[in-house]
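> Handing you a structure now.
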Amino acid sequence: MKTLLLKSRFLIVLLAVLSTPLFAQKKLASPRDSVKGKIGNATVNINYGSPSVKGRTIWGDLVPYGKVWRAGANEATVFSTDKDLTVEGKTLKAGTYGFFVIPEKDKWTIIFNKTAKQWGAYEYKEKDDALRVTVSPVTGNEMSERLVYKITPSGISLVWEKLSVPVSMK
């Protein structure tokens, strides 16, 4: 009986050890990603969930027009800068912000919210906005299957599907 009990425990431990890598290798549908770069003297970081198109209609469907969107997947996108920036002509103080957008066909509202850590946009509160600006999206021919952010010396761009949303910064 004691031998059977020891063999059972051994098998349970062996199964647990062998199955752990299987769970650890599970790929997230929208993995977290981040980008870091310089805009003037400021170091800018953007951390976001990177969803895929997967054959879906993105703009106006998966991401509805006229509603606040977390600008990524899962947790809200987080934007941080170590120096004050001028965003589309308006001042954004150095700090860490939740980054949200309100997409429309011809114009987008870009939002830097004082509450950086949020799940989605479910707890988003407009009263906590540090800055809002309006920009125009640009439709292109090149397909970006995954949502990505780009940082250049002149600002940032959200790029997904065949759309790029540039935000001027200095």
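No value in this document is a laboratory result; all are computed from the given coordinates. Computed from a prediction, not measured in an experiment: that's the story for all the values here. Positions of Cβ are backbone-derived with ideal geometry, glycine not excepted, and every protein chain shown enters the neighbour counts.
> In debye to the nearest 20, how big a dipole does the range 30-168 give about its Cα centre with +1 on each Lys and Arg Cβ and -1 on each Asp and Glu Cβ? Write down the numbers at each step before the final one.
On the way: 20 positive and 15 negative charges, 34 e Å.
With Lys and Arg at +1 and Asp and Glu at -1, about 160 debye.
> Starting from the Cα of residue 123, step 7 Å along the direction of its Cβ; do the same at residue 62; then give the gap between the two resulting points in nm.
That separation, rounded to one decimal, is 2.6 nm.
> Then there's this: Can you compute the modelled spin-label distance between residue 109 and residue 162, with each label point 7 Å from Cα toward Cβ, in nm?
2.8
> Can you pull out the chymotrypsin sites (Phe, Trp or Tyr not before Pro) in the range 112-157 whose DSSP state is coil and whose Cβ has at most 14 other Cβ atoms within 10 Å?
122
> Could I ask something else about it? Can you sort 90, 162 so the residue with the fewest Cβ neighbours within 10 Å comes first? Before the final figure, lay out each step's value.
On the way: 90 11, 162 15.
Listing 90, 162 from fewest to most nearby Cβ atoms yields 90, 162.
> Still on this structure, please answer the following. With unit charges on the beta carbons (Lys and Arg positive, Asp and Glu negative) and the dipole taken about the Cα centre of the range 18-170, which residue among 112, 152, 95 sits farthest to the positive side?
95
> Which GluC sites (Glu not before Pro) does the range 75-170 hold that lie in a coil by DSSP with at most 13 other beta carbons within 10 Å? Don't skip to the end; give the middle numbers.
Values: sites: 75, 88, 104, 123, 126, 142, 145, 161; in loops: 88, 104, 123.
Passing both the DSSP loop test and the Cβ count: 123.
> Rg to Rh ratio, the range 30-168, alpha-carbon atoms and Kirkwood radius? Can you show the working numbers first?
Values: Rg = 13.8 Å, Rh = 14.9 Å.
With Rg and the Kirkwood Rh in hand, the quotient comes to 0.93.
> Taking every pair of alpha-carbon atoms in the range 68-138, what share in percent sits in each 5 Å bin, from 0 to the bin with the longest distance?
For the range 68-138, the pair-distance distribution reads 4, 18, 28, 25, 18, 6, 0.
> Using 28 Å as the Cα-Cα cut-off, could you pick out the over-long pairs in 107/150; 38/67; 38/105? Walk me through the numbers on the way to the answer.
Details: 107/150 19 Å; 38/67 30 Å; 38/105 30 Å.
Going by Cα-Cα distance, 38/67; 38/105 fall outside the 28 Å limit.
> Could you work out the relative contact order of the range 64-104? I mean the mean sequence separation of Cα pairs under 8 Å and 6+ apart, divided by the number of residues, in percent.
Working: 61 pairs, mean separation 21.5, N = 41.
Relative contact order, the range 64-104: 53 percent.
> Further, regarding this structure: Modelling each spin label as a point 7 Å along the Cα-to-Cβ direction, I'd like the residue 146/residue 53 distance in nm, to one decimal.
1.5
> While we're on this one: How do 131, 147, 158 line up, fewest other C-beta atoms within 10 Å first?
On the way: 131 17, 147 23, 158 26.
Ascending Cβ contact count within 10 Å gives the list 131, 147, 158.
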